[in-house]
Amino acid sequence: MSNRSISRVIQPQTVAEGAGVYLQRSIAPMRSNEYDPFLLFDHFHFRAPRSGEPRGFPLHPHRGIETVTYMLEGGTQHRDSLGNVGYIGAGDVQWMTSGRGILHEEMPKKSVEGAVNGFQLWVNLPAAKKMIAPRYQGVTTDTIPTVSHDGVTVRVIAGSYRGQSGPVTEIAAQPLYADVTLGAGAAFSQPVPHDHTVLAYVFEGQGLFGAQQEQIPATHLVVFEPGDEVRAQSESGVRFLLFAGAPFNEPIVPYGPFVMNTNQEIRQAVLDLQNGTFVSPS
Ligand code: MN
């Protein structure tokens, strides 16, 4: 088994999105598509906002991607143009496949302690699936399996860890999405397909990652080289999200909330929005 090395470590940058929500953004959609099939990763974290609810993400479209929202504290009220309404509470996941298109609203809500803490990952769709019907997989915290052993605790959202599969299924990128907590002195390893893209977002504590055993403190996104296995360990405890997915190796053209394969497909998305034909019933 080849233990993956770290290829780079990304420091998230603060960006304002939606109605002025400050996010920590590690990666954003680019034509270079370096993290194929992953397009974007944001961490939104507000501690005791001064007053009222934090500003959210009013009605906006998506086409050609999947957006994955995972909340740790607080929640997100969700509503879309197809009539889907739902609340993503603490520990819950919403895996939204936009396919040919939805218009939706995502509004963060504080916990009783005044905190909002969550993540959004964008996963690409292959060309053949960009115009499929929209689909939601709403996963509540009690249906996410937890595997615990030797100071390691893994919540499995998609893919599998030690034979335990997560509830999110039938995703084109064949993803692994796991929330991994290592206690002091614990060590973790996970086999991964050799050519899948693997990322780890360290958001609490610090740990040693990859073949180099490089010390990575929160908050950083670690990008791995190809290999058959990913490893981490920690002397003092660490928590990170681990993502793996199959690259599609197709050209992409990102434009705001759309990610398509050609300029023409982007023009069509803009036209569909202008013409009121973006969201189609069938
Ligand atoms: Mn959105």
Worksheet item: Counting only residues that are at pLDDT below 95 and not aliphatic (A, V, I, L, M), which one in the range 102-114 is surrounded by the most Cβ atoms within 10 Å (Cβ to Cβ)?
Response: PRO108
Response to the item:
Scanning the range 100-126 for residues that are farther than 25 Å from PHE240 by Cα and in contact with a strand residue (DSSP E or B) (Cβ under 7 Å, 6 or more places away or on another chain), the one farthest from the ligand (Cβ to nearest atom) turns out to be ARG100
Worksheet item: Wholly within the range 158-240, which strands (runs of 3 or more DSSP E) include no fewer than the required count, namely at least 2 residues that are aliphatic (A, V, I, L, M)?
Response: 176-182, 197-209, 220-224, 229-233
Practice prompt. Return yes when ASN275 is at negative phi and surrounded by fewer than 22 Cβ atoms within 10 Å (Cβ to Cβ) and no when it is not.
Written response: yes
Worksheet, complete the sentence: Taking the range 24-67 and the residues there that are more than 16 Å from the ligand (Cβ to nearest atom) and on the phi > 0 side of the Ramachandran plot, the one that is least open to solvent (accessible area, probe 1.4 Å) would be ASN33
Discussion item. Quick check on ILE266: is it over 22 Å from the mean Cα position of the chain (by Cα), surrounded by 19 or more Cβ atoms within 10 Å (Cβ to Cβ) and among the aliphatic types (A, V, I, L, M)?
Written reply: yes
Worksheet, complete the sentence: In the range 81-100, residues that are at pLDDT below 95 and over 19 Å from the mean Cα position of the chain (by Cα) total 5
Worksheet item: In this structure, does PRO217 turn out to be under 26 Å from LEU23 (Cβ atoms) and surrounded by fewer than 17 Cβ atoms within 10 Å (Cβ to Cβ)?
Response: yes
Worksheet item: When residues of the range 196-214 are filtered for being more than 19 Å from the chain's Cα centre (by Cα) and either hydrophobic (A, V, I, L, M, F, W, C) or open to solvent by 20 Å² or more (accessible area, probe 1.4 Å) (or both), how many remain?
Response: 8
Worksheet item: Do you know which residues across the range 44-93 are among the charged types (D, E, K, R) and outside any strand (DSSP E or B)?
Response: ARG47, ARG50, GLU53, ARG55, ASP92
Worksheet entry | Given (1) at pLDDT 95 or above; (2) touching a Ser or Thr at 6+ places or on another chain (Cβ under 9 Å), index of the condition ILE6 fails | (2)
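The values are calculated or read from the model by the stated rules, or taken from the named source; none is laboratory data. Just so you know, these numbers come straight off a predicted model, no measurement behind them. So basically every Cβ, Gly included, is an ideal-geometry build from the backbone, and we count neighbours across all protein chains shown. Just so you know, the surface numbers come from the protein's heavy atoms only, side chains and all, with ligands and any DNA or RNA stripped out. Shrake-Rupley method; radii C 1.70, N 1.55, O 1.52, S 1.80 Å.
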